[in-house]
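The values are calculated or read from the model by the stated rules, or taken from the named source; none is laboratory data. Every value quoted in this text rests on a predicted model; they were computed, and no experiment measured them. Cβ placement follows ideal geometry from the backbone for every residue including glycine, while neighbour counts extend to all protein chains displayed. Quick note on the areas: whole protein, heavy atoms, side chains included, nothing else; ligands and nucleic acids left out. Shrake-Rupley method; radii C 1.70, N 1.55, O 1.52, S 1.80 Å.
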Amino acid sequence: MLSLTIIIIIFTAVVSFIAFSNQKLVNDLIFHVNPIREKNEWFRFVSCGFIHADIRHLAFNMISLYMFGELVEDQFAIFFGGSSKLIFIAFYVTALIVCLIPTYIKNRNNDYYRSLGASGAVSAIVFAGIFLYPTAKIGIFILPPIIPGFIFAPIYLLISAMLSKKGGDNINHSAHIWGALYGVIFLILSTHFLSNVDVVASFIAQVKGWFLN
C-alpha cells in the first residue's frame, strides 16, 4: 500500500507535468491575488501547491518531501493511531494555506503577484521531521549530511529571512519560513491535544544528549 507521502508526490508530479504545457491550467490553479480577492477563489491557497515552475523546482520539492514525509507519517501512526492518516493530510493541506497567509496580506493590493509550488508545505514536513529527530544529519544541496537538524533549522530560517528581505529572486521565501514554523507548531499542538507524547521534552532530551556525547 502506498504511503500518503508517495500519493501526494505522484499527484503533484502528474498535475505539474500537465501544467508545464498547459498555461490555462496554471492560470486556473496558481496563487493569484486578484481572483482571490475579487472572485473569492480561496482554493488557490491549496491548488497552487500542486503546480511548479519547472522540473527542477518540482524535483527539489518532491525529493525533500520524500526524504521527510514518510518519517513524519510513521511517527504520526505511533502518536495518533487510526487517525494518523487524516491528521497527516490535514497537516499538509493546512500548511499549504497557512504558509501563504502572510504572503496574501503583504501582496493583497498587488494584482500582479503570483506564487506556485509546494515549498511551504514541504518546509512544514521537513521541520516537523527535524523536530522529531533534531540530531539527525542534514545536507544542503551538494554538501553531505553533516549538520545536525537542530543547527541546520535556524540557519535555514535566517538565510530565508535575509533572502526574503532582499527579494528579487522570484522565490517566495516567506512561504518557506512560515511553513517551517507552522510545521513545528502543528506538531507540538497536535501531539499535546491528541496524544500523550511530549515532543518538546523529547526534542530537548535529544539535543542535550548530542552535546553530552
Inset, instruction - Starting from the amide H of residue 147, placed 1.01 Å from N in the peptide plane, find each other amide H under 5 Å away whose residue is 5 or more places distant or on another chain. - result: 138
Inset, instruction - From the C-alpha gyration tensor of the chain, pull out the three semi-axes of the equivalent ellipsoid (sqrt of 5λ each), sorted largest to smallest, in whole Å. - result: 29, 19, 17
Legend entry - Integer Hz, Karplus 6.51/-1.76/1.60 couplings in order for segment 181-194, x for Gly and Pro: 5, 5, x, 5, 5, 4, 4, 5, 5, 5, 6, 5, 8, 10
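Would segment 1-96 count as rounded, prolate or oblate if I go by the C-alpha gyration tensor, calling it rounded below 1.5 in a/c and otherwise prolate when a/b exceeds b/c, oblate otherwise? Intermediate results must be reported in sequence, preceding the final value.
Working: a/c = 2.84, a/b = 1.56, b/c = 1.82.
Here segment 1-96 falls in the oblate category.
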Legend entry - Table column - 3J(HN,Hα) (Hz), segment 151-157, Karplus curve with 6.51, -1.76, 1.60, x for Gly and Pro: 8, 4, 4, x, 5, 4, 5
Inset, instruction - Could you let me know the centre-to-centre spacing of segment 171-185 and segment 20-40, using Cα atoms, in angstrom? - result: 22 Å
Legend entry - Neighbourhood net charge (12 Å Cβ-Cβ; Lys/Arg +1, Asp/Glu -1) for residue 6: -2
Legend entry - Mean projection area, nm², convex hull over Cα of segment 1-56: 4.4 nm²
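Could you do me a favour and compute the accessible area per residue for the chain, 1.4 Å probe, result in Å²? Show your work: numbers first, answer last.
Numbers: 11640 Å² over 213 residues.
So the chain comes to 55 Å² accessible per residue, rounded to a whole number.
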Legend entry - Label-point gap, in nm, between residue 55 and residue 1 - each point 7 angstrom along Cα→Cβ: 3.4 nm
Inset, instruction - Using only C-alpha atoms and all pairs of different ones, pull out the Kirkwood radius for segment 34-150 in Å with one decimal. - result: 15.7 Å
Legend entry - Percent of Cα pairs exceeding the 14 Å cut-off, where the set is segment 131-192: 64 percent
Inset, instruction - Assuming R0 = 22 Å, can you tell me the calculated FRET efficiency for the pair residue 211 and residue 158, based on Cβ-Cβ distance, to the nearest 0.05? - result: 0.60
Inset, instruction - Could you calculate the FRET efficiency of residue 20 with residue 77 from 1/(1 + (r/R0)^6), where r is the beta carbon distance between them and R0 is 25 Å, rounded to 0.05? - result: 0.15
Legend entry - From phi via Karplus (6.51, -1.76, 1.60), per-residue ³J(HN,Hα) for segment 204-211 in Hz, x at Gly/Pro: 4, 5, 5, 5, 4, x, 5, 6
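Per DSSP helix of 4 or more residues, -39500 (n - 2.57); summed, then divided by the residues of the chain. What does that give at 222 nm, rounded to the nearest 500? Write down the numbers at each step before the final one.
On the way: 11 runs with 151 residues, N = 213.
The helix contribution divided over the chain gives -23000 deg cm²/dmol.
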Inset, instruction - Anything over 31 Å Cα to Cα? Flag those among 85/137; 24/106; 85/166, in the order listed. - result: 85/166
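With r as the distance between the Cβ atoms of residue 188 and residue 151 and R0 = 22 Å, compute the FRET efficiency 1/(1 + (r/R0)^6) and round to 0.05.
Working: r = 20 Å, r/R0 = 0.90.
That pair, residue 151 with residue 188, gives E of 0.65.
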Legend entry - Cβ-based net charge around residue 161, under 15 Å, with every Lys or Arg adding one and every Asp or Glu removing one: +2
Inset, instruction - Report the net charge of residues surrounding residue 132, where surrounding means a beta-carbon distance below 13 angstrom and charges are Lys +1, Arg +1, Asp -1, Glu -1. - result: -4
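From the Cα gyration tensor of segment 87-213, with a ≥ b ≥ c the square roots of its eigenvalues, which class applies: rounded if a/c is under 1.5, or else prolate if a/b is larger than b/c, or else oblate? If you can, show how the numbers build up before the last one.
Numbers: a/c = 2.59, a/b = 1.43, b/c = 1.81.
Since a/c reaches 1.5 but b/c is at least a/b, the shape of segment 87-213 is classed as oblate.
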